[in-house]
Amino acid sequence: MKPREFAYVRITGPGTHEALTERLRVEPSEAWNAGDVNPKNGLPRRSMCWRLKSGRDDTRSLEEHIRFLLVGLSLRASELRELWVDYDLTIQCVGYYPRSSGSGMHFDREVVRQAAQLGLAIDCDHYFVDDHDHDG
């Protein structure tokens, strides 16, 4: 199994995802409003969520996903800064790794600086799976 990594931006908070899309002038990769039915479990969603994927293949490095997102988001820096008081803005990093591998994460100073300037938190989820648990 080869490692699989990806990242996306997640914004949660009040109002509707449509209003957020209008403010940012960027179409999300995925979005829902509080009360929308979650197709995975049939239950209503508890809050609004707006997601923007990096658009990169999951065989690319996590670093590449993050840098791609930061470059694109920098074009909307002023709009994002207006949101950070009322919304939670996060770069969500996800990795699937062979059970036998060790995994570490390093964010260089520039990534941390850019994320901070945009009001973005960074959250990382790492999963260690057997070959049969994930397409590889």
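What follows is calculated from the coordinates using simple rules that are stated; it is not laboratory data. Here the structure is a predicted model, which means the values were calculated and not measured. Because the Cβ atoms are built from the backbone with ideal geometry, glycine has one as well, and the counts that use them run over all protein chains shown.
In the chain, taking the dipole from charged Cβ atoms about the Cα centre, the farthest positive-side position among 38, 24, 128 is held by 24.
Projecting the Cα atoms of 83, 93, 71 onto the charge dipole of the range 1-115 (Cβ charges, centred on the Cα centre) puts 93 farthest toward the positive pole.
Shown in residue order for the range 104-115 are the 3J(HN,Hα) couplings computed by the Karplus curve 6.51 cos²θ - 1.76 cosθ + 1.60 at θ = phi - 60°: x, 9, 9, 10, 6, 4, 5, 5, 4, 4, 5, 4 Hz (x for Gly and Pro). In order along the range 29-46, phi translates into HN-Hα couplings of 6, 7, 7, 7, 10, 4, x, 4, 7, 7, x, 6, 10, x, 9, x, 6, 7 Hz, rounded to whole numbers, per the Karplus curve 6.51 cos²θ - 1.76 cosθ + 1.60 with θ = phi - 60° and x for Gly and Pro. When only Cα pairs below 8 angstrom with a gap of at least 6 residues are kept, the chain shows a relative contact order of 33 percent. Per-residue 3J(HN,Hα) values for the range 49-57, derived from phi via the Karplus relation 6.51 cos²θ - 1.76 cosθ + 1.60 with θ = phi - 60°, read 9, 10, 10, 10, 7, 5, x, 8, 5 Hz in sequence order (x marks Gly and Pro). Note on residue 22 and residue 129: the extension gain reaches 34.6 nm, defined as 0.36 nm multiplied by sequence separation minus the Cα-Cα distance. Each Lys and Arg Cβ is given +1 and each Asp and Glu Cβ -1; about its Cα centre, the range 4-133 then shows a dipole of about 220 debye.
Residues whose amide H falls under 5 Å from that of residue 127, counting only those 5 or more places apart or on a different chain, are 95, 96, 97, with hydrogens built in the peptide plane. Note on residue 99/residue 64: beta-carbon distance plugged into 1/(1 + (r/R0)^6) with R0 of 25 Å gives a FRET efficiency of 0.55.
Between residue 122 and residue 79, what is 0.36 nm times their sequence separation minus the Cα-Cα distance? Round to one decimal in nm. All intermediate terms of the calculation are to be shown ahead of the outcome.
Values: separation 43, 0.36 × 43 = 15.48 nm, distance 1.88 nm.
Additional length available on full extension: 13.6 nm.
Here the chain has an Rg and Dmax of 15.9, 45 Å, counting Cα atoms alone.
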